[in-house]
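First the structure, in the form of structure tokens, and then the observations on it.
What follows draws every value from the coordinates through simple rules; no lab data is involved. Since the structure is predicted, the reported quantities are computational estimates derived from the model, not experimental observations. Cβ placement follows ideal geometry from the backbone for every residue including glycine, while neighbour counts extend to all protein chains displayed.
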Amino acid sequence: MRVQLLRRTVLGLLCPIGLAIVVGLGAASDSASSDGASSDGHAIEGTARDGVAAIETDGTVMHLVRPGQVKPVPGPDAWFTGSAVITPVFSATEETPNGCAYVAFEPGARSAWHTHPAGQLLVVTEGSGWIQQWGEAKREIVAGDVIWTPPGVKHWHGATATAAMTHVAIQQAAGGDVVEWMETVSDEQYLGPRGE
């Protein structure tokens, strides 16, 4: 199994893997007005739970996360080399097995080697970076790229040495875990040769 880099992939391809949840939240925020009514005139009841708005329409609850409601946290030294900031979007639950976060890497920052028990989808939103699968050359990733890493594939990702990079990371929980962290990426590995 190999990491797959999908250049500027259409959004429809992502929906089976969980990005539809993000799109759905975005659509909901566009349709709700400040007076609690949706753009189609239906009433929307909102309540706050852990800083996240709960929107009820016709007895079904959606959770809406607005910018600034979730605080960014520095990436732990055990998981990252250099400056990385994690902004959680949503966590895996019994109802939704997917978790999602924005991760912003300053130049030179990268994750440690790691695997995901159910795989991982990355969507690069800004800048340029590198990704490397164990035993392979690193590859450049740029804004608009979509990367699927199959379950159990050891890899790392981060910014290039001279440019920052931000991506959305979506992973599904398996046995309650979304990631297994391993050793840090050495400078020699990080600055090693680049493949195609």
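Key figures for this structure:
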{"item": "Per DSSP, loop chymotrypsin sites (Phe, Trp or Tyr not before Pro) in segment 110-155 with at most 14 further Cβ within 10 Å", "result": "TRP134"}
{"item": "Fewest-first sequence of LYS71, LYS138 by Cβ atoms within 10 Å of each Cβ", "result": "LYS71, LYS138"}
{"item": "Within segment 104-193, GluC sites (Glu not before Pro) in DSSP loop having at most 13 other beta-carbon neighbours inside 10 Å", "result": "GLU136, GLU183"}
{"item": "Extension gain, TRP134 back to THR60 (0.36 nm per residue minus Cα-Cα distance, nm)", "result": "22.3 nm"}
{"item": "Calculated from backbone phi, Karplus (6.51, -1.76, 1.60) coupling profile of segment 77-93 in Hz, x at Gly/Pro", "result": "4, 5, 9, 9, 10, x, 8, 10, 10, 9, 10, x, 9, 7, 10, 5, 9"}
{"item": "Potential lengthening between TRP181 and VAL73 on full extension [0.36 nm per residue; Cα-Cα distance subtracted]", "result": "37.1 nm"}
{"item": "Amide H within-cut-off set for GLN120, under 5 Å, with H built and near neighbours excluded", "result": "THR149"}
{"item": "Net charge contributed by nearby residues that have their C-beta within less than 14 Å of ALA174 (K/R +1, D/E -1)", "result": "-3"}
{"item": "Simple Cβ-charge dipole of segment 53-196, Lys/Arg +1 and Asp/Glu -1, about Cα centre, in debye nearest 20", "result": "220 debye"}
